[in-house]
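Undergrad: Once you've had a glance at the structure underneath, I'll fire off some questions.
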Amino acid sequence: MASDSSTRGRAHRLLSALAALLAVAGSVTATSGNGARGGRSVVAVGEKTAVLSLRELRWVTAARKIRPGRYEQPMQAQNLGERREADVSRKATTLLELKHHSTILNQPAGGELYLTRLLAADEARAASLQLPRAAGAAVTESGQAAAEVPLTSGIRFQTLNYVTTIALGAGAVANFTVIVDTGSDLTWVQCKPCHACYSQQDPLFDPAGSTTYAAVPCNASACAASLKEATGAPGTCARSGSGSERCYYALGYGDGSSSRGVLATDTLGLGGASLEGFVFGCGLSNRGLFGGTAGLMGLGRTELSLVSQTASRFGGVFSYCLPATTSGDSTGSLSLGRGAYRNTTSVAYTRMISDPAQPPFYFMNVTGTTVGGASLTASGLGARNVLIDSGTVITRLAPSVYRAIRAEFTLQFSAEAPYPAAPGFSILDTCYNLTGHDEVKVPLLTLQLEGGADVTVDAAGMLFMVRKDGSQVCLAMASLPYEDQTPIVGNYQQKNKRVVYDTVESRIGFADEDCTYM
């Protein structure tokens, strides 16, 4: 039985939550002329609350034709998902509308199995991150070049990652949809003649159609040290049919996905900017969890990443804003350089941490955590080297931290109404039956970072909708198997944030931003 002091503490927190909710309701009512248009969040100034339409959480799919490669791998569910290189004193709550939700697939017999396999792929990716246990070119006010491209959910391409479009080649320029990955370095696309390719929606890249395509020679530094740092293995040399030597790469990912082919250079088009001599992988044998995309954009930290190759032009700075919705009509953005952001709060920075054992990855230090404004205590809090990753979906936490978050979330969420428990789903173990509820009040998670930056997860990143009737809605976070493993902040919890990576100043920044631009 809880002590009197504990009971009073809980009652105090619940009353505070009610007061905050009433304050927000008054604020929203006062601004109803502009509130919640198009289903977007309405945030009261000075408050960490919002009214959120479930349209931001829908899994919206559209039928698209998949182009088979010469060796077609059927787009089975096990090939969907993601991959990974081997190698506040105030209650923070939100109202979440639960109307008209749909799962990723509309087929009654396939939706849950589909989601299960996607999350299983995410689990494989997160496990592979662990070390073995023991728009057009522009000029900013600073005069530095910048480029911006739309960024959308990849659900239409059968992946829970985010995607963007690049142009490749000169002469017969073609566009390719690629996964945006901060945990990989080498950018690659599937190329002709593809010996073993998975199915993709775009045509294969044809090197013969580009006047600026060239294979990287074997004696180039990119073929040795740079490639080894980016992929874990140096390139190998072999003679082509014409007798010339060329450098071949072999890239493996922790979930079994892979890409092999020719290391090459060509002209890369990105947001109106033309980048000559860009080093990329021309994949001739590729398989795995890339959905129907054409390949991958590497935004990691080594020399072959897009960030490093364009540092002289864009200053080693990039940022993204991940949209909360999966509709093709709503896009966020990926910006290279210090672009003109649309953030509604100032960018708060924390120190960027490097790990020599995992050179491509971006780490930061978390000093504390709150749920609905309530500070938590756990042995794993204050964790160092927390990985932030655009390619992992669900945030993974140390077991002690996850238990503390789950307990406080359950306490506050259940205090609103006696929501029945629902079975766990895949890696998600805290689920509710919300059938018949149009909206619910959700406590928000805040990560307190080194240097004083606070990052509050958007309402759309707190719950994962499994069943369209609302009978299975889960807390969108999971526990790591072991206390000493690397925590990961996934893309599901980064939605509606401007996340800035400044590799020159060695800092990572966060700001609130409505990432639904269209």
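Every number in this text was worked out from the coordinates using simple rules, so none of it is lab data. Because the structure is predicted, anything quoted here is derived from the model rather than measured. Neighbour counts are summed over all protein chains in view; Cβ atoms, including those assigned to glycine, are modelled from backbone coordinates with ideal geometry.
Undergrad: Under a 5 Å amide H to amide H cut-off, with H placed in plane at 1.01 Å, what residues pair with Q200 once short-range neighbours are removed?
TA: R67, G69
Undergrad: Using alpha-carbon positions, what is the distance between the centroids of region 498-518 and region 409-470, in Å?
TA: Region 498-518 and region 409-470 have Cα centres separated by 24 Å.
Undergrad: What is the extension gain from T212 to A170, computed as 0.36 nm multiplied by their sequence separation minus the C-alpha to C-alpha distance, in nm to one decimal? Let's see the in-between values first.
TA: Values: separation 42, 0.36 × 42 = 15.12 nm, distance 0.58 nm.
The span from T212 to A170 would gain 14.5 nm if fully extended.
Undergrad: Can you work out ³J(HN,Hα) from phi for every residue in region 165-176, in order, using Karplus 6.51 cos²θ - 1.76 cosθ + 1.60 and θ = phi - 60°, giving whole Hz and x for Gly and Pro?
TA: 10, 10, 10, 9, x, 10, x, 8, 6, 10, 9, 9
Undergrad: Another question, then. List the residues, sorted by chain then number, that are 5 or more residues from I353 or on another chain and whose placed amide H is less than 5 Å from its amide H.
TA: Placed amide hydrogens put F363, M364 under 5 Å from I353.
Undergrad: Simple spin-label model, 7 Å along Cα-to-Cβ: Y517 to R351 in nm?
TA: Result for the modelled spin labels: 3.3 nm.
Undergrad: Moving on. Ordered by residue, what ³J(HN,Hα) values in Hz, to whole numbers, does region 409-425 give under the Karplus form 6.51 cos²θ - 1.76 cosθ + 1.60, where θ = phi - 60° and Gly and Pro are x?
TA: So the J values, rounded to whole Hz, are 4, 4, 4, 6, 5, 6, 5, 6, 6, x, 5, x, 6, 10, x, x, 10.
Undergrad: Ok, one more. With each label point set 7 Å from Cα along the Cα-Cβ vector, what nm distance links C237 and D469?
TA: For the pair C237/D469, the computed spacing is 6.6 nm.
Undergrad: Using 7 Å Cα-to-Cβ label points, what is the D429/S221 separation (nm, one decimal)?
TA: That separation, rounded to one decimal, is 4.9 nm.
Undergrad: Looking at this model, which pairs from K192/K497; K192/K228; K192/K495; K228/K495 are more than 27 angstrom apart at the alpha-carbon?
TA: Too far apart for the 27 Å limit: K192/K497; K192/K495; K228/K495.
Undergrad: Starting at the first residue of region 268-279, write each ³J(HN,Hα) from the Karplus equation 6.51 cos²θ - 1.76 cosθ + 1.60 with θ = phi - 60°, in whole Hz, x for Gly and Pro.
TA: After applying 6.51 cos²θ - 1.76 cosθ + 1.60, I find 9, x, 9, x, x, 8, 10, 10, 7, x, 6, 8 Hz.
Undergrad: Would you mind listing how long region 369-518 runs along its three principal axes, going by Cα atoms, in whole Å with the largest first?
TA: Principal axes ranked by extent give 51, 43, 27 Å for the Cα atoms.
Undergrad: For E450 and R403 in one chain, what is 0.36 nm times their gap in residues minus the Cα-Cα distance, to one decimal in nm? Walk me through the numbers before you get to the answer.
TA: Numbers: separation 47, 0.36 × 47 = 16.92 nm, distance 2.24 nm.
That pair, E450 and R403, stretches by 14.7 nm at full extension.
Undergrad: Out of A167, W188, L275, whose Cα points farthest toward the positive end of the dipole of region 158-295 (charges: +1 Lys, Arg; -1 Asp, Glu; placed on Cβ)?
TA: The listed residue farthest towards the positive side: W188.
Undergrad: Scaled to the compact-protein estimate 2.2 N^0.38 Å, what is the alpha-carbon radius of gyration of region 238-372, rounded to two decimal places?
TA: On the way: Rg = 18.4 Å, N = 135, 2.2 N^0.38 = 14.2 Å.
Computed over Cα atoms of region 238-372, the ratio equals 1.30.
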